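Beneath this line is the structure, given in structure tokens, with notes to follow.
The values are calculated or read from the model by the stated rules, or taken from the named source; none is laboratory data. Keep in mind that this is a model prediction, so the values were computed, not measured. The accessibility values were calculated without ligands, DNA or RNA, using every heavy atom of the protein model including side chains. Shrake-Rupley method; radii C 1.70, N 1.55, O 1.52, S 1.80 Å.
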Amino acid sequence: MARDQPHTVAAWSTHVGRSRLVPATGRRAVATTEPGRYPQGVPSGDTGKHPMMSTMSSRRPRSRRAALARLVAVSVASAVLLAACGVAGSLLPPALPARAPKGEIAVRVVRGSEHEALLVARVRIDGKGPFPFLIDTGAAISAINAPLAAALHLGVVRRRSGRLQGAGCTSASGTDRVTRWRVGQVSLPPIDVSTVHLSSSTSSDAIQGLLGSDLWYRFSSLDIDYRSGLVRLGVVPAGPSVAVRVVHQDGQVVVVAPVDVEGHGPYPFVVDTGASQSVVSQDLASTFHLHQVRRSVTIDAVGCTSKASMVQVGHWTSGAVTLPAGTALALRHPLGTSAPGKVGILGSNELSRFADVTVDYAAGRLILSH
């Protein structure tokens with residue numbers, strides 16, 4: 001995947017291009033979590049709080065249009081990553097046999113040269129498909145490709161529900177209602193999804209949507225076996241665990257883990273299987289003098305591009321679990337302008353180096369097993 005500078009990461013990650021979606025209407029935010037306390041106490045005055053932690057306070061929004069910073073994937077990580085891995089044609093994983101255990105989902109694990117990994121599942125909507133969707137815990141609200149939503153004639157809830165702010169650009173987003181759909185053999189509940197332009201194609205050779213934490217928390221837990229390409233719902237295996245904060249608001253869900261970087265912290269990092277590359281804020285990178293390995297990386301969002309650098313993180317931990325040394329993109333505001341300071345994204349280039357990753361939404365735990 002390496003190229004001469006400037007290095008292009010065209011839509012590598014559904015969160016490197018992830019943006020703030022400001023709804024057209026909103027209300028005062030209330031944060032809830034299970035269990036009811038952030039682990040190991042990220043200092044309450046830390047300016048590096050995740051937007052779903054810092055903005056969900058008692059203060060009133062400046063306007064109804066700015067009530068909530070909604071995390072949603074706005075660019076699909078598949079383009080360059082899939083091309084670099086020699087992936088062509090359908091992205092769909094093979095279907096599981098009818099006798100497969102209940103709650104088990106086959107996924108295609110698409111890997112890059114630097115431990116990146118994307119999880120692609122089979123989704124049927126109104127009996128049509130299957131369509132390739134990403135398993136994306138970093139998406140606080142699930143999303144569907146706008147051309148596919150139009151082709152399926154989904155129920156439009158709001159044609160322009162908000163302003164989608166990417167890396168230096170904004171665009172309109174809608175909301176559609178999906179009532180009959182399934183991933184693999186697992187039926188999914190009716191839900192409102194964000195309608196965003198992920199691809200001009202509606203075929204199986206392009207990602208058509210994102211299955212976010214607003215869906216997965218309803219199954220209590222999400223267990224990912226990267227080696228066998230299986231996802232299990234409602235299964236919590238034994239293994240080293242980290243207490244995480246599961247934040248709910250207005251139907252959106254995000255998981256925030258405590259991460260220490262170079263012996264300092266903890267700082268809030270979004271647990272994001274949809275991000276092929278981990279991310280740290282420029283504030284964090286400069287404070288701890290993280291070594292720059294690439295000066296210029298181009299990140300494609302929806303309708304715009306932005307520049308970032310690539311840094312090396314030599315030592316970082318989450319709770320008592322040591323994370324492998326690796327690279328991360330350094331962005332000014334990786335979680336949006338409402339979350340300045342020392343924050344980040346724990347992406348799949350770190351998560352996939354564990355054999356098994358479990359997000360236990362019910363108990364507020366992240367389990368990382370080798």
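Okay, here's what the table says:
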{"read-out": "Cut-off under 5 Å, modelled amide H: who pairs with T137 long-range", "value": "T273, G274"}
{"read-out": "Rounded percent of accessible protein surface that carbon and sulfur make up, the stretch 239-292, 1.4 Å probe", "value": "47"}
{"read-out": "Placed amide H near V313: partners under 5 Å, 5+ positions off or other chain", "value": "G326, T327, A328"}
{"read-out": "Probe 1.4 Å, all protein chains present, accessible-area order of L198, L119, largest first", "value": "L198, L119"}
{"read-out": "Per-residue ³J(HN,Hα) for the stretch 314-319, Karplus 6.51 cos²θ - 1.76 cosθ + 1.60, θ = phi - 60°, Hz, x for Gly and Pro", "value": "x, 9, 8, 9, 10, x"}
{"read-out": "Cut-off under 5 Å, modelled amide H: who pairs with F131 long-range", "value": "V123, R124"}
